[in-house]
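Okay, so here's the structure we're looking at.
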Amino acid sequence: MILSLLWLLPSALAAQPSAPDPISAPLRSLDFGQLNFLHTTDTHGWLAGHLQEPSYSADWGDYISFATRMREKAEAQGQDLLVIDTGDRVEGNGLYDSSEPKGVYLSDILRHQHIDLLTSGNHELYKQNTSEAELFTTVPNFRGNYLASNIDIFHPTTKELVPLAPRYKKFTTKKQGIRIIAFGFLFDFTGNWNNTVVQKVSSTIKEDWFQEAIRDKEVDLFLVIGHVPVHSPEYQAIFKEIRGTRWDTPIQFFGGHQHIRDYARYDSKAFGLASGRFMETVGFASIDGLNTPKSKHLSSAVATPIFKRRYIDQNLFSYYHHTGLDEQSFPTQKGQNVSRLIAKARTDLHLDQVHGCAPQELWMSRVKYPSPNSLYTWLETQVLADSLKDENRVNIPTLAVVNTGAMRFDIFRGPFTQDSTFIVSPFTSGFRYVKDVPYDKAQLIVEVLNKQPQVLQASQEDDSPTTLAPPEQLAYSEDVVASNWPVSSDQIPLSRNDKLVPGYTTEDDAGKDGDDTVHEPISFYRVPNCLQVLLNNATETPETVDLVYIDFIEKYVVLAAKFAGLGIDIAKESDVYMPHMSLTNLILNWVKKNWKC
Ligand SMILES: Nc1ccn([C@@H]2O[C@H](COP(=O)(O)O)[C@@H](O)[C@H]2O)c(=O)n1
Ligand SMILES: [Zn+2]
Ligand SMILES: [Zn+2]
């Protein structure tokens, strides 16, 4: 990754004269301890980093150099460093989605990082080929380090149900001799393909192997990694189960899935870190004052260990700062080779091929919905309105419903590339429809879907619902939410020359000082679960409509239809709409036609 003068600026600001000087960007430092961690989660294929956002512009090769330098630094101080990844490595970027078969370049890049412990996310399990790629490629690539405490897979050859990877692992750290038992969980996910089985966390922790593991007396730290939100019933249950048996053994959790920076305090000796999404963030955590055989011998043990956390902006400026190195001394040979491998993969996959040029920024959550700069407003009023048409259903009033979670990232003004195609919406789900749905019932279905607690948005559990709440019980608010975004910085003194770059201003269970980079806050607005748009020249209130929806949300539409008293079984009555057309391709075709450069 090359460091240029304007590299720390968001692309939207890069051309402006008042751009902040990157050198003055204030950074909070990392407090090393006996045991240190680097954590990634929900990388979703973004191993090339963010080409349009300098704050997150380092790549997986740079991260490899960073982890190496951090390990060298820790070990030189007689401390340990572990590298963790908690899943959703796939789906969401051209580097993964653009190859045939998907993921061949990605897995070959990923494996060069030394990852000490990793788990699966839900995205590794949506499809049969993805989970089998985990079984046959990722698990062997990280042999002994991949954990699957609650995931089994039907082995494609033997047809036997086997653990995707070992349930847990016991090991001792190199420098400090810390005895660790580690587990690797997935939240209570039910949207997996039927070749895998995800056991509920609450029943997994009652199994003999787990109960025996937490009764092991020769343990200084329990390490729970997982594709699980750190504030979740699943992690509460694991915490309680371990604490019930081991009242004072420290527990460190690492989580993900919600795509946010977050830190949870379970008690004075148990904390959990979640490290964002899309290679924007590398999480850092440290523990000092652990009771180990070595510290007992040296009588340096303390009553309560000290837990720390930091959210590192994934760029070279942060990496140089935290390692105390520079452009010459920072990169490792391996890191540079991997950066070259990424560049070559991007070339082979034509990821810079331009399909059109976006005339403006389109935001997922930085602006209100609906509004002229809302990505969802654009999807409704431009893309769906122009392009969602089945040639066998012409001139039939149609109500289309799309889950907002199908849209994964903002669009920046300028080139819309092969890469953008998958960054914006990578999913291969098609469209289905039911005919002759009374319009009032169709509207009630959407209303019911939108009053559910965010089940269909990105980063929410797409758990199979058995019931849906009536619309009047749940309120949807489109107000600004301060969900780990905009609060002003504290504790780090700013000089008059400091001009802040917009970015994360996280508030978590440990306070407001978690982000390494002090940012200017960004507003964040909620969006509904589903968009709806009337198509085919429908009058304002047609009598009946074709109800069109993305097949990914069918199970919710079925329940909402029952709730709305539609009286038909949507799953049985529905048919394919626009055969072989995914939302990804619908958007791409629209861009090619409408966004000339
Ligand atoms: N075919 C799919 C798959 C997923 N989604 C959306 O993604 C959300 C889950 O993503 P995470 O990264 O948060 O695990 C899911 O809730 C859906 O909103 C989709 O739309 N289509
Ligand atoms: Zn994710
Ligand atoms: Zn997830």
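Of everything in segment 41-55 that is of a type in the set (S, T, N, Q) and more than 12 Å from ligand 1 (Cβ to nearest atom), the residue that is most open to solvent (accessible area, probe 1.4 Å) is Gln52. Flag not set for Ser371, criterion: within 28 Å of Lys435 (Cβ to Cβ), among the hydroxyl-bearing types (Ser, Thr, Tyr) and surrounded by fewer than 18 Cβ atoms within 10 Å (Cβ to Cβ).
In segment 56-101, of all residues being away from ligand 2 (no atom under 16 Å from the Cβ) and basic (Lys, Arg), the one that is surrounded by the fewest Cβ atoms within 10 Å (Cβ to Cβ) corresponds to Lys73.
Listed by position, the strands (runs of 3 or more DSSP E) enclosed by segment 527-597 that each have at least 1 residues that are of a type in the set (Ser, Thr, Tyr) are 544-550, 575-582. The conditions of being touching a strand residue (DSSP E or B) at 6+ places or on another chain (Cβ under 6 Å), closer than 21 Å to Arg243 by Cβ and open to solvent by 10 Å² or more (accessible area, probe 1.4 Å) are not met by Lys217.
Residues in segment 359-373 that are farther than 14 Å from Phe412 by Cα and touching a residue at least 40 places away in the same chain (Cβ under 8 Å): 2 in all.
Of everything in segment 103-117 that is in contact with a helix residue (DSSP H, G or I) (Cβ under 6 Å, 6 or more places away or on another chain) and not in a helix (DSSP H, G or I), the residue that is farthest from ligand 2 (Cβ to nearest atom) is His112. Is it fair to say Tyr126 is within 16 Å of ligand 2 (Cβ to nearest atom), open to solvent by 10 Å² or more (accessible area, probe 1.4 Å) and either assigned to a loop (DSSP other than H, G, I, E, B) or acidic (Asp, Glu) (or both)? For Tyr126, the condition - within 16 Å of ligand 2 (Cβ to nearest atom), open to solvent by 10 Å² or more (accessible area, probe 1.4 Å) and either assigned to a loop (DSSP other than H, G, I, E, B) or acidic (Asp, Glu) (or both) - is met. Looking at segment 277-368, the helices (runs of 4 or more DSSP H) lying wholly inside it that each contain 2 or more residues that are loosely packed, with under 13 Cβ neighbours inside 10 Å and among the charged types (D, E, K, R) sit at 333-348. Among the criteria (1) of a type outside the set (Asp, Glu); (2) in contact with a Lys or Arg (Cβ under 8 Å, 6 or more places away or on another chain); (3) closer than 17 Å to Glu447 by Cα, the one Cys530 does not fulfil is (2). For residues in segment 247-268 being assigned to a loop (DSSP other than H, G, I, E, B) and in contact with a strand residue (DSSP E or B) (Cβ under 7 Å, 6 or more places away or on another chain), which is nearest to Asp188 (Cα to Cα)? The extreme case among them is His257.
Answer yes or no as to whether Gly144 is within 13 Å of ligand 1 (Cβ to nearest atom) and either buried (at least 17 other Cβ atoms within 10 Å of the Cβ) or in a loop (DSSP other than H, G, I, E, B) (or both). The answer is no for Gly144. Just one of the listed residues (Lys169, Lys200, Lys175) is within 17 Å of Leu118 (Cα to Cα), surrounded by 14 or more Cβ atoms within 10 Å (Cβ to Cβ) and of a type in the set (D, E, K, R), and it is Lys169.
The values are calculated or read from the model by the stated rules, or taken from the named source; none is laboratory data. Just so you know, these numbers come straight off a predicted model, no measurement behind them. Cβ atoms come from the backbone with ideal geometry, glycine included; neighbour counts cover every protein chain shown. Heads up: the accessible areas ignore ligands, DNA and RNA and are worked out on the full protein's heavy atoms, side chains in. Shrake-Rupley method; radii C 1.70, N 1.55, O 1.52, S 1.80 Å.
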